[in-house]
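Before any comments, here is the structure.
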Amino acid sequence: MARGKANRDARMRERLVQESARIMAVEGIRDFSIAKRKAALQLNAPRTTNLPQNREIQAALQDYQRLFGGERQLTALQSLREAALEAMTFFAAFRPRLTGSVLDGTAGDQSAVDLHCFAETPEDVVFFLMDHDIPFDTQEKRFRFEDDYETIPVHHFVAGETPVTVAVFAGRGNHQPPKSPIDGRPMQRASRRDVEALIAEDASAVD
């Protein structure tokens with residue numbers, strides 16, 4: 001009996017992994033918790049406590065994009081990385097770094113470009129956007145560091161047709177990357193030179 005329940009739990013967990021990955025790829029949902037809850041509802045298991053870890057879903061999402069994304073996903077990824085490079089050039093004074101799905105390759109048509117910028121004070125970036133007459137919305141997001149959390153302002157705007165988010169770090173955030181919500185390791189950040197190299201690789205893959 002116990003073995004049968006364990007097998008059922010394992011099968012349900014795997015279905016949750018795959019459905020969460022599909023939801024993130026198809027619907028453009030970026031929050032793992034939201035994707036898990038939606039997957040549980042769609043699989044008629046809204047009260048399950050057997051939810052998968054973020055890193056399991058991330059691995060399945062990468063597999064999903066490779067299997068089903070095809071050339072369309074590669075083309076979208078290349079366009080997003082080119083848009084990211086333009087945004088990074090625009091924010092050059094704030095030492096921008098690319099992070100998130102556009103960096104790790106899981107981005108799709110509906111994905112946003114996620115940047116981390118660094119300033120003496122968060123207001124520096126606000127004034128910069130205002131000086132360039134760029135409409136934006138600001139929200140606050142909690143980032144986890146080594147031993148605690150810190151609330152960081154995140155600005156949202158649209159460049160052409162591409163949504164862009166800019167998290168503004170000051171103080172220790174300038175030197176210490178926050179932890180990734182996927183695996184708890186320091187979040188990956190790419191410089192403009194890194195992004196240029198990725199775009200060159202994308203062009204080779206599409207050709």
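We did not get these values from a lab; they are worked out from the coordinates using the rules stated. Note that the coordinates shown come from a computational prediction; the quantities given were computed from them, not determined experimentally. With ideal geometry, Cβ positions are generated from the backbone for all residues, glycine too; neighbour counts draw on all protein chains shown.
The Cα-based radius of gyration and maximum Cα-Cα distance (Dmax) for segment 61-107 are 12.3, 39 Å. Taking a ≥ b ≥ c as the square roots of the eigenvalues of the Cα gyration tensor, segment 109-151 is classed as oblate, since a/c reaches at least 1.5 and a/b does not exceed b/c. Helix 192-206 versus the longest principal axis of the chain: what is the Cα-based angle in degrees, 0 to 90, to the nearest 10? Computed tilt is about 50 degrees.
Summing Cβ point charges (Lys, Arg +1; Asp, Glu -1) relative to the Cα centre of the chain gives a dipole of roughly 1460 debye. Coupling constants for segment 158-168 follow from the phi torsions by the Karplus curve (6.51 cos²θ - 1.76 cosθ + 1.60, θ = phi - 60°), and in residue order they are 10, 10, x, 10, 9, x, 10, 10, 10, 8, 9 Hz; glycine and proline get x. Fully extending the segment from Phe127 to Asn50, taken as 0.36 nm per residue of separation minus the present Cα-Cα distance, adds 23.1 nm. Enter the angle in degrees (range 0 to 90, nearest 10) between the Cα long axis of helix 54-64 and the first principal axis of the Cα atoms of the chain, meaning the one along which they spread out most. Between the helix axis and the principal axis of the chain, the angle is about 90 degrees. State the percent of C-alpha pairs, over all pairs in segment 1-105, separated by a distance greater than 16 angstrom. When every Cα pair of segment 1-105 is considered, 63 percent fall beyond 16 Å. Phi-derived couplings, Karplus 6.51 cos²θ - 1.76 cosθ + 1.60 at θ = phi - 60°, listed residue by residue for segment 14-31: 5, 5, 5, 4, 5, 5, 4, 5, 4, 4, 5, 6, 7, 9, x, 6, 9, 8 Hz, with x used for Gly and Pro.
Report the full-extension gain for the segment Arg189 to Leu43: residue separation times 0.36 nm, less the Cα-Cα distance, to one decimal in nm.
Working: separation 146, 0.36 × 146 = 52.56 nm, distance 3.50 nm.
Residue separation times 0.36 nm, minus the Cα-Cα distance, leaves 49.1 nm.
Karplus-based coupling profile of segment 93-109, in residue order and whole Hz: 5, 10, 6, x, 10, 8, 9, x, 5, 5, 7, 7, x, 9, 5, x, 4, with θ = phi - 60° in 6.51 cos²θ - 1.76 cosθ + 1.60 and x standing for Gly or Pro. Take every DSSP beta bridge whose two residues both sit in the chain; close to 75 percent of them are antiparallel. For the chain, a Kirkwood hydrodynamic radius built from all Cα pairs, placed in the Stokes-Einstein relation at 10 °C and 1.306 mPa s, yields a translational diffusion coefficient of 86 µm²/s.
Other residues within the sphere of radius under 15 Å centred on the Cβ of Gly160, judged by their own Cβ, net out at -3 (K and R +1, D and E -1).
Could you state the per residue volume, in Å³, of the convex hull enclosing the Cα atoms of segment 108-207?
Output value, Cα hull per residue: 136 Å³.
Once the GluC sites (Glu not before Pro) in DSSP loops with at most 14 neighbouring Cβ atoms within 10 Å are cut out of the chain, the longest remaining piece is 1-119. Applying the criteria of a DSSP loop state and at most 14 other Cβ atoms within 10 Å to the trypsin sites (Lys or Arg not before Pro) of segment 38-122 yields Arg47.
Over segment 85-132, the pair-distance histogram of Cα-Cα distances with 10 Å bins from zero comes to 25, 49, 23, 3 percent, rounded to whole numbers.
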